[in-house]
Amino acid sequence: MRDCLAKLGHPERRLPPVIHVAGTNGKGSTSAFLRAIAEAAGLRVHVYTSPHLVRFHERIRLAGTLVSEEALTEALEHVERVNAGAPITVFEVTTAVALHLFASVPADLLVLEVGLGGRFDATNVIDPVATAITSISMDHMDFLGDTLEKIAFEKAGIIKPGVPCATGAQAPGAAAVLRQVAADQGAPLLARGEAWDVARQPDGRLRWQDEAGVLDLPPPALAGPHQADNAGIAIATLRAWNPDWLTAEAIARGLATATWPARMQRLTGRLSALLPPGWELWLDGGHNAGAGVVLGEHLRTAFADRPCHLLVGMKSSKQASEFLAPLIPQAATLQAIAEPGQHLAMPIEAIIAASGGAATAGGTVEQALAAIPKDGPPSRVLICGSLYLAGEVLKLDGSPPR
């Protein structure tokens with residue numbers, strides 16, 4: 001990766017200020033809040049995220065706009081030509097392409113999301129002004145380790161000497177690792193519950209607080225109780241960096257306008273039209289144990305006012321039973337699904353087995369929607385379990401990310 005960047009003239013050294021974001025759950029949402037706050041202050045913001053849902057172009061946002069087909073093709077060809085066949089992974093190529101584009105297009109901020117882990121990730125070649133580490137849980141254990149502490153150590157690899165790092169709610173083992181790595185690096189650690197905190201008020205507004213004062217903020221535009229943590233991390237990260245443009249007004253507008261597809265997203269396209277009037281169709285790409293806990297809490301609280309039918313499809317490598325356990329008690333019905341184009345889809349029978357028999361075979365999304373009993377009160381339907389499934393659902397619904 002570094003050899004390729006050197007051949008490209010070191011684009012990683014010609015970037016606007018960079019905020020580096022790692023974590024298991026919440027990276028994308030935190031990045032969305034960072035982008036929205038900066039754009040509310042009038043900044044041009046680059047963003048790098050992964051994976052994409054429908055089109056590869058979603059991974060690279062240049063000064064607020066998804067990269068064009070022409071610019072992406074030219075950059076890919078340029079990197080391939082410069083690399084001249086030297087060994088390199090697919091994600092390293094895409095990251096090199098992104099950094100080349102980010103260095104070529106003027107902007108005021110780059111929000112750079114880690115692909116996997118942090119310590120050895122292809123994005124870990126930059127000098128950030130601040131870093132953020134979102135909720136850490138068990139995922140990608142074949143790459144990152146089989147304990148929470150080992151995974152946290154990999155995530156902590158983005159912490160740089162003297163660079164502030166904001167972290168959200170963490171399990172004690174993960175928090176201890178982050179604290180130790182930050183101390184070793186001489187990096188100020190802004191941990192939730194210590195340097196800052198956030199609380200959701202009865203009316204949905206957020207009360208965010210650090211040693212500098214209290215912010216009374218509107219409800220986050222992204223749905224779910226966990227988004228208070230992600231929004232809080234974004235605010236703590238920006239206040240640790242403390243640029244001149246950061247104001248309470250920009251923070252408030254950013255929280256109220258942030259968007260991030262397939263994270264508790266209400267669908268209103270073709271698929272939702274298959275449900276009776278008054279019903280709601282929702283989509284979430286959460287797929288690991290931590291996401292299951294968060295989704296289960298959301299169903300138990302915010303979605304408690306009406307029945308919720310779950311359609312679950314997962315990637316074969318995921319721990320389905322751990323994801324499903326918090327969801328099963330909250331589900332009016334539970335169907336296991338798989339779409340024909342879904343990448344590495346877990347067999348429906350395996351999802352049923354992981355549910356302990358609580359799930360039934362739903363077939364495809366449309367077949368499962370048709371099978372939901374509709375003789376009761378207006379209900380909600382939540383499709384969840386996989387970002388790859390989410391991409392297929394967005395295509396079916398006619399709601400691709402923009």
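Tally the DSSP beta bridges in the chain and give the antiparallel ones as a percent, rounded to 5. Counting only bridges with both partners in the chain, antiparallel ones make up about 35 percent. For the stretch 152-295, the antiparallel share of DSSP beta bridges with both residues in that region comes to about 75%. The charge dipole of the chain, taken about its Cα centre with unit charges on the Cβ atoms of Lys, Arg (+1), Asp and Glu (-1) only, comes to about 300 debye. Between the entries [x] 33, 25, 21; [y] 75, 33, 19; [z] 108, 25, 16, the label attached to semi-axes √(5λ) of the Cα gyration tensor in Å calculated for this structure is [x]. Taking a straight Cα-Cα cut-off under 19 Å and skipping sequence neighbours fewer than 8 places away in the same chain, the aspartates and glutamates within cross-link reach of LYS155 are GLU92, GLU113, ASP121, ASP127, ASP139, ASP142, ASP146, ASP184, ASP229.
Among LYS27/LYS374; LYS7/LYS395; LYS7/LYS150; LYS7/LYS318; LYS7/LYS160; LYS150/LYS395, which pairs are too far apart, with a Cα-Cα distance over 30 Å? The answer is LYS27/LYS374; LYS7/LYS395; LYS7/LYS150; LYS7/LYS318; LYS150/LYS395.
Normalised by the number of residues in the stretch 265-397, the average gap of Cα pairs under 8 Å and 6 or more apart makes the relative contact order 37 percent. Note on the chain: helix-only mean residue ellipticity at 222 nm, from DSSP H runs of 4+ residues weighted -39500 (n - 2.57) and normalised by residue number, equals -10500 deg cm²/dmol. Based on DSSP loop calls and a cut-off of at most 16 other Cβ atoms within 10 Å, the longest stretch of the chain free of exposed GluC sites (Glu not before Pro) is what? Result for the longest clean stretch: 1-193.
Just so you know, all these numbers are worked out from the coordinates, no wet-lab data involved. From a predicted model like this one, the values you see are computed outputs, not experimental measurements. Virtual Cβ from ideal backbone geometry, glycine too; neighbours counted across all protein chains shown.
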